[in-house]
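Written out below as structure tokens is the structure these notes cover.
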Amino acid sequence: MSHPHIIRPEAEADMAEGFQWYEERRDGLGFEYLGEIKTVLERITDNPARHPEIYRGARRSLVRRFPYAIIYTFESNKLEVIAVAHVNRHPQFWQRRLR
């Protein structure tokens, strides 16, 4: 069963930043990055509880091919993407986004 999800504006901005960075490296690479993000989002919406909680109810799913993780919450059947974070970035930047 697929769960509806909300992508927070901050997470949208994270994705746009990653897209731009990869697209500047090589034409089309940004689109490949977004394709991998989409694949992970589909996996998460199919089974949000499959990924472990890592911090105050937030869960993390790693992106294949790119050093990114999708950080999200899943409570009361509501899935919310909080961040699309580079794995080397300090987690404080997304931890502050949790309510």
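List the strands (runs of 3 or more DSSP E) inside segment 1-73, counting only whole elements, that have at least 2 residues being touching a strand residue (DSSP E or B) at 6+ places or on another chain (Cβ under 7 Å), of a type outside the set (A, V, I, L, M, F, W, C) and closer than 20 Å to Trp94 by Cβ.
It comes to 58-62.
Looking for something part of a helix (DSSP H, G or I) and out of contact with any Asp or Glu (no Cβ under 8 Å at 6 or more places or on another chain) - is there at least one such residue anywhere in segment 76-93?
Yes.
Just need a number here: residues in segment 1-42 that are without any contact (Cβ under 8 Å) to a residue 60 or more places away in the chain, of a type in the set (A, V, I, L, M) and under 12 Å from Tyr68 (Cα atoms).
Residues meeting the conditions: 3.
No lab work stands behind these numbers, since they all come straight from the coordinates. Note that this is a predicted model, so its numbers are computed, not measured. With ideal geometry, Cβ positions are generated from the backbone for all residues, glycine too; neighbour counts draw on all protein chains shown.
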